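Just below is one structure, and these are the notes that go with it.
Each reported figure results from applying straightforward, stated rules to the coordinates on display, with no laboratory input. Treat the numbers as computed from the prediction; the structure is a model and nothing was measured. No Cβ is skipped: glycine too gets one built from the backbone with ideal geometry, and neighbour counts run over all protein chains shown.
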Amino acid sequence: MVIEIDELTRRRTSEIFKTLKSPVKIYLFTTTMHCLHCNEVEEIVDIISSLSPLISVEKCTCNADHPQARKFRIDKHPAIVIHGEREFNIRYFGLPVGYEFGVVIDSIVAASTGIVKLPSRIIDLVKSINTPIHIQVFVTPTCPYCPSIAKTAHSFAVLNQNITADVIEVTEFPELSKRYGIYAVPKTVINDTVEFEGAVSTDAFLRHVMRAIDLSRRVG
Amino acid sequence: MSIFLSEKPLYDVIVIGAGPAGLTAGMYCASMGFKTLVIEGSQPSRLQLAEQIHNYPGFPDGVSGFELLNRMRIQTLKAGAEFRREDVVAVDLLSPVKTVITRSESITAFTVIIAIGLGKRKLNIEGEDRFLGLGISYCALCDGPLYKDKTIALVSDEFPGDLLSLSRLASKIYFIPLNPLESISGLPGNVEVLNVKIKAITGVNRVEGLRITRNGIEETLQVDGVFISTRNIPFTSIIAKSGVEIDERGCIKVGKDMATNIEGVYAAGDCTCGGMQVAVAVGQGAVAAINAMAYIHQQRKELKSIIV
């Protein structure tokens with residue numbers, strides 16, 4: 001597969017990137033073993049970084065036991081992690097094409113500006129979370145309902161470094177699809193204890209996060 | 001009417017819905033200087049799902065629904081409309097100042113333009129609710145890729161565009177038309193058309209089969225998933241409670257001026273069952289906006305005369 005980005009998308013992305021404030025670093029993790037779309041993700045990341053001088057890329061062709069992969073807790077490939085001035089846990093696994101391309105672009109902007117498009121009361125509540133939260137949003141590139149939930153998860157990770165937000169293109173990871181029983185997208189799993197389907201409102205999303213915190217406290 | 005008007009509303013116009021009708025209405029009102037809010041719900045417009053539109057004027061080579069909608073959105077933003085991304089949970093339309101309630105706040109306006117589009121109809125068969133997200137899907141585009149090389153059933157009340165996209169993914173498709181079709185030619189080899197009655201969707205923890213009756217004999221088809229693609233019905237349950245007249249199909253009743261039975265409330269686009277075409281939705285959005293603006297003008301005059 002050859003990655004092509006049409007001129008209009010390229011131009012629009014460049015326009016959007018004019019709003020970037022501080023530098024963004026994309027960490028790209030690929031592997032030479034059993035990786036469906038590693039080459040294509042590398043092409044996409046290269047294209048994205050060529051569209052703004054504020055975006056740099058650090059590549060690691062390495063397996064999960066490599067020190068860099070361990071540091072970033074990368075257990076599957078391809079993976080990208082987006083850092084702004086702070087080391088956010090904004091991660092994307094798989095090929096970000098179709099509706100998902102916009103998710104990565106928006107997350108780069110959020111990481112660079114620190115600005116998220118959420119109501120202020122939600123922002124305050126997300127910032128106040130002080131326990132580790134792992135959000136996994138499972139998506140497909142053809143799903144128009146998926147970006148809203150994926151962007152919200154990444155926004156949460158921008159607001160609070162206790163939150164790791166993974167967006168996962170599920171068709172590339174059949175073992176996860178099986179493990180979490182994914183028969184419809186978007187599906188979101190929080191801390192492996194709470195799960196929900198569909199593009200819910202931000203309030204409902206936050207309620208699920210709070211429930212996961214509550215459950216972890218009870219178990220803890 | 002305006003004697004009940006106790007305070008100035010926040011907006012001149014609230015448009016509920018951000019499909020082609022809502023965006024056009026919002027664009028018209030905002031560009032004429034009216035304070036306009038467009039509320040975008042979590043369900044994307046049907047237009048966003050359309051792969052290619054070939055009958056919308058100005059695009060001789062066709063345009064993707066996503067692209068067209070995005071262009072309309074940018075135009076409406078440029079015209080000065082505000083956007084809010086929230087679902088509307090209730091509306092109070094009977095007073096001169098209309099209130100639209102979302103999950104987080106109440107917003108008021110002189111007029112409301114309803115452009116909420118269509119929702120999907122359920123089949124109402126056994127197992128449909130229980131297996132939602134466990135092998136039942138209403139979005140072939142979203143969930144199709146999860147059924148690569150699997151056996152699925154597609155239940156539909158018309159010949160669906162979904163059939164061809166699914167046939168490229170699944171290894172076998174049972175296509176079950178709800179209204180029996182005479183004959184269809186040129187179907188891909190992995191599609192089998194079944195003119196049968198569906199009794200139930202079966203399984204233990206997820207969809208495993210479809211119980212049907214064929215020629216009076218009951219049998220179970222082994223399937224990994226069931227895709228339901230039914231003709232859309234309007235999304236009008238919240239609106240119906242507000243006093244807006246809805247016909248027996250669930251469509252909002254409007255006149256030629258796109259006015260509903262309630263003064264200051266207009267409707268446009270698919271929720272009026274006006275033809276399900278983008279060009280029609282755009283035209284209706286414009287008509288609704290023009291009449292809504294005339295109404296606001298009148299309201300302002302009355303308000304002024306009362307204050308004086």
As straight-line cross-link partners of B:Lys150, the qualifying aspartates and glutamates (C-alpha separation under 13 Å, not fewer than 8 residues apart within one chain) are B:Glu208, B:Asp224
Averaged over residues of B:138-145, the number of beta carbons from other chains lying within 10 Å of each residue's Cβ is 6
Note to self: C-alpha centroids of the stretch B:68-82 and the stretch B:159-202 sit apart, in Å, by 39
Note, B:His54: beta-carbon cut-off 15 Å, +1 each Lys/Arg, -1 each Asp/Glu, net -3
Shielding of B:42-48 by other chains, given as the mean Cβ count within 10 Å, works out to 3
Net charge near A:Leu28 (other residues with Cβ under 11 Å of its Cβ; Lys, Arg +1; Asp, Glu -1) is -2
Given pairs B:Lys8/B:Lys256; A:Lys151/B:Lys122; B:Lys78/B:Lys98; A:Lys25/A:Lys59 and cut-off 20 Å on Cα-Cα distance, the over-length ones are B:Lys8/B:Lys256; A:Lys151/B:Lys122; B:Lys78/B:Lys98
Sorted largest first, the C-alpha extents of the stretch A:63-199 along its principal axes in whole angstrom are 36, 36, 29
Note: A:142-152 gets an average of partner chain Cβ contacts (10 Å, Cβ to Cβ) equal to 4
In the neighbourhood of A:Met210 defined by beta carbon distances under 11 Å, the net charge of the other residues (Lys, Arg +1; Asp, Glu -1) is +1
Two pseudo-spin positions, 7 Å from Cα along C-beta at A:Met210 and at A:Arg121, lie apart in nanometres by 1.0
Within the set B:Val193, B:Val244, B:Val287, GNM on chain B using Cα springs under 10 Å gives the largest fluctuation to B:Val193
Dividing the helical contributions, -39500 (n - 2.57) per DSSP H run of n ≥ 4, by the residues of chain A yields a 222 nm value, nearest 500 deg cm²/dmol, of -12500 deg cm²/dmol
For chain A the mean separation of alpha carbon contacts under 8 Å (6+ apart) over residue count, i.e. relative contact order in percent, is 18
Of B:Gln222, B:Gln277, B:Gln48, the most mobile residue in a GNM of chain B (C-alpha springs, cutoff 10 Å) is B:Gln222
Length gained, A:Arg86-A:Gln161, 0.36 nm per residue minus C-alpha separation, equals 26.1 nm
Across B:Ser106, B:Ser156, B:Ser185, the residue with the highest GNM fluctuation in chain B (Cα network, 10 Å cutoff) is B:Ser185
Per the rule of 0.36 nm per residue minus the C-alpha distance, extending B:Lys253 to B:Leu123 adds in nm 44.3 nm
If R0 = 22 Å, then A:Thr131 and A:Asp65, at their Cβ-Cβ distance, give a FRET efficiency to the nearest 0.05 of 0.20
Across all Cα atoms of chain B, Rg and the largest Cα-Cα distance (Dmax), in Å, are 22.5, 78
Percent antiparallel among DSSP beta bridges confined to the stretch A:7-219, rounded to 5, stands at 50
Most exposed to least, judged by fewest other Cβ atoms within 10 Å, A:Phe93, A:Phe17 sort to A:Phe17, A:Phe93
Candidate cut points under GluC sites (Glu not before Pro) in the stretch B:239-304, DSSP loop plus at most 11 other Cβ atoms within 10 Å of their own Cβ, are B:Glu248
Most exposed first, judged by fewest Cβ atoms within 10 angstrom, B:Leu132, B:Leu69, B:Leu178 run B:Leu178, B:Leu132, B:Leu69
Computed over chain B, the relative contact order (Cα-Cα under 8 Å, seq sep at least six) in percent reads 21
Cysteines of chain B without any disulfide-compatible partner (other Cys Cβ under 4.7 Å) are B:Cys29, B:Cys271
